[in-house]
Amino acid sequence: MSVGIRYDWQEAEIQKIYDMPLLELIYQAASVHRQYHDPKKIQVCKLISIKTGGCPEDCGYCAQSSRYKTEVKPQALLDKDTVVNIAQTAKQKGVSRVCMGAAWREVRDNSQFETVLEMVKEVTDMGLEVCCTLGMLTADQAKRLETAGLYAYNHNLDTSEDYYSTIITTRTYSDRLNTIENVRQTNVTVCSGGILGLGETAQDRVSMLHTLANLNPHPESVPINILSQVEGTPLENQPDVPIWDVVRMIATARIVMPTSDVRLSAGRARLSQVEQAFCFMAGANSIFSSDDNKMLTVTTPCPDYDADQEMLNLLGLEMRPPIQRANQVASPAAVG
């Protein structure tokens, strides 16, 4: 399969791709992946929770919501030096992208945001791609993040527009899309994907991909997360997502958004090396790794740097270096 970049996908077209016989789907996605990416390169990322817990939102999956009693306890914003030291360790292990997450509903123009801007600048100056996920933000705030050197902003859609209010009631789907649009007014790249295992149908998954694939340009980064069931949240008893559902989602995303990085994100710790290999074959070209066996909080396990290096060596894969900032500004639709 050889595909061009399109922004006019019909939902029925994407559903037909998603429903292909599995091995044929993987083959077609692998072919598209090789058309646009080096299949030997995997970007390894580190996610840092710079402000943990106490979030006022009611996302039904989230251990950091103040509405649920979980093992995650609220913590203040980390100091800049702590974040820089974590990033330095990550860089030494081959990480090329550091993501900073704060459990906020929205960015506020205060001293904490000023500290985050300083973090972004210092970690960017280390030669790393920096991504932030801080909740909703305005166009002016997005511009300030760009000025600080931010490479990417993460704001996931989570699921389909129709299913969204089942999972979250404290903000709307339009709120999410508005934040993405505010980021698009800058040269900061967009990172937006979803979560599998929320109780959604296959049609919901296709609908979410349809929304993402018709954004022009496509998100440069599309995380595919697997729900980590957290005790104390409304979704604590959700069944595990079958691995082949994960592979189908990755493969379909790869075909309809061929230039995007498709990130095998939360939930990867439960997958074997063989299962992860299928995900890479289907078009995933990024993972999150860690120094502490957690991705964001203790409720989301994550393989460590050494284990991931061993896996990449076994599969003959290489860590991808950071993309230079000049490339992002010149052609934002073509990088991730």
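The values are calculated or read from the model by the stated rules, or taken from the named source; none is laboratory data. Worth saying up front: this structure is predicted, and the values here are computed from it rather than measured. In this analysis, Cβ positions are derived from the backbone assuming ideal geometry, glycine residues included, and neighbour counts consider all displayed protein chains. Only protein heavy atoms, including side chains, enter the accessible area calculation; ligands, DNA and RNA are left aside. Shrake-Rupley method; radii C 1.70, N 1.55, O 1.52, S 1.80 Å.
Here are the numbers:
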quantity	calculated
Difference of contour (0.36 nm per residue) and Cα-Cα distance, GLN203 to ASN216	2.5 nm
Radius 15 Å from Cβ of PRO234, net charge of other residues (Lys, Arg +1; Asp, Glu -1)	-4
Length added when fully stretched, LEU22-GLU310, from 0.36 nm per residue minus Cα-Cα	100.9 nm
GNM result for the chain, Cα springs below 10 Å: residue of ALA284, ALA307, ALA103 fluctuating most strongly	ALA307
Pairwise label distance in nanometres, GLU114 with SER66, each label 7 Å out on the Cα-Cβ vector	2.3
The chain - share of DSSP beta bridges that are antiparallel (%, nearest 5)	5
Among [x] -0.18, -0.32; [y] -0.27, -0.46; [z] -0.43, -0.63, the entry that matches log10 I(q)/I(0) by the Debye sum over Cα atoms at q = 0.06, 0.08 Å⁻¹ as calculated here	[x]
For the chain, cysteines whose Cβ has no other cysteine Cβ within reach (under 4.7 Å)	CYS45, CYS55, CYS132, CYS191, CYS279, CYS302
Helix-only CD estimate at 222 nm, as mean residue ellipticity for the chain, using -39500 (n - 2.57) per DSSP H run (n ≥ 4)	-12000 deg cm²/dmol
Rough spin-label spacing in nm, given labels placed 7 Å along Cα→Cβ, for ASP79 and GLU236	3.6
Two-site FRET efficiency, ASP292 against THR170, from Cβ-Cβ distance with R₀ of 35 Å, rounded to 0.05	0.75
Proximal lysines relative to LYS121, as straight alpha-carbon distance under 24 Å, when same-chain residues fewer than 8 apart are discounted	LYS46, LYS51, LYS80, LYS91, LYS93, LYS143
Gyration tensor verdict on segment 6-62 (Cα atoms; rounded if a/c is under 1.5, prolate if a/b is larger than b/c, oblate otherwise)	oblate
Portion, in percent, of the accessible area of the chain that falls on carbon or sulfur, probe 1.4 Å	50
